[in-house]
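Colleague: Quick one: the structure is below, and I'll ask about it shortly.
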Amino acid sequence: MQIVAMLTMLIDHIGYLFYPDDPVWRIIGRIAFPLYTYGIVLGYRYTSDVQRYIRRLLLLAILSQVPFMLAFQTYALNVIFTLMAALITFVAIDRTEERNRKWLIFIAALLITLLIPMDYGWYGVALACIYRYARPSRMVAYHLVLNLAECLLTWNALQMFSIIPTVAIAYRPNMLQASSRWVPAWIWRSFYPAHLTILGIIVLALTW
């Protein structure tokens, strides 16, 4: 799972930056974010220290921010901030017993990530909550509704292809979890800021 996530993310970013008129790169890239999001759900499920997990994500997000801004010419927060927001949302939801408060926390998280510009933002938090709390039999349907909402808001029909990894997550989760053991932790954690740094340098070199 991790190898596929890293490779498809790299393909997506190369396509976005250097081949914007070729949708094939972006279609392949739709596989990446659901896998990274599912990785956060698994990390939360199995971590022995969620506070340390959050701090580690915050450090990676900070290290990735300048390369992200240089590569994509944006002031938005990078996607690790979004994944960290999803993780914090899990903690807040799971620490309250009242059902109505759980929904209020979820809605508040969506509003915050909608108002603060960040990569995937509210969509990412919503998808993470689907993977965390929805029954497997309903994941694909919920993700389909989420994609339809995203398409209506952004007119980005390519996002519909992100449903593909959700089918595997819903119906073959054991296969994905087993494949996650193949990649050393330091490669998995460093790949995002490292590849963004390289892409950012290339973008700067081409614009000089």
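The values are calculated or read from the model by the stated rules, or taken from the named source; none is laboratory data. Please read all numbers here as calculations on a predicted model, not as lab measurements. Please note: Cβ atoms are built from the backbone with ideal geometry, for glycine as well, and neighbour counts cover all protein chains shown. Protein only, heavy atoms only, side chains kept; ligands, DNA and RNA dropped before computing areas. Shrake-Rupley method; radii C 1.70, N 1.55, O 1.52, S 1.80 Å.
Colleague: Tell me the carbon and sulfur percent of the accessible area for the chain, rounded to whole percent, probe radius 1.4 Å.
Modeller: 69
Colleague: For labels at K102 and L58 in the simple 7 Å Cα→Cβ model, what's the distance in nm?
Modeller: 2.7
Colleague: Under 8 Å for C-alpha pairs, at least 6 residues apart: give me the relative contact order for region 112-165, rounded to a whole percent.
Modeller: 24
Colleague: How do 118-127, 23-32 rank on mean C-beta neighbours within 10 Å, highest first?
Modeller: Highest to lowest by the protection proxy: 118-127, 23-32.
Colleague: If you wrap region 46-156's Cα atoms in a convex hull and average its projection over all directions, what's the area in nm²?
Modeller: 8.0
Colleague: Right, another one. Mind checking which of F72, F33, F18 has the largest fluctuation in a GNM of the chain, springs on alpha carbons under 10 Å?
Modeller: Fluctuation is largest for F18.
Colleague: Return one number: the angle in degrees, 0 to 90 and rounded to the nearest 10, between the long axis of the Cα atoms of helix 50-72 and the longest principal axis of the Cα atoms of the chain.
Modeller: Its long axis makes an angle of about 30 degrees.
Colleague: Project the alpha carbons of the chain onto their principal axes and report the range along each, largest first, in whole Å.
Modeller: That works out to 56, 37, 35 Å along the principal axes.
Colleague: Then there's this: If you take the Cα Rg of region 1-110 and divide it by 2.2 N^0.38 Å, with N the number of residues, what do you get?
Modeller: 1.22
Colleague: Please identify which residues in region 131-152 have an amide N closer than 18 Å to a label point set 7 Å out from the Cα of V167, following the Cα→Cβ vector.
Modeller: Residues 136-148 qualify, since their backbone N sits under 18 Å from the label point.
Colleague: With every protein chain kept in place and ligands, DNA and RNA left out, what is the accessible area per residue of the chain? Probe 1.4 Å, answer in Å².
Modeller: 55
Colleague: So for each of 48-57, 191-200 I average, over its residues, the number of other beta carbons within 10 Å; can you give me the resulting order with the highest mean first?
Modeller: 191-200, 48-57
Colleague: Here's another thing I want to ask about it. What base-10 log of the normalised intensity I(q)/I(0) is obtained for region 6-65 from the Debye formula, alpha carbons as equal point scatterers, at q = 0.24 Å⁻¹?
Modeller: Values returned for q = 0.24 Å⁻¹ are -0.94.
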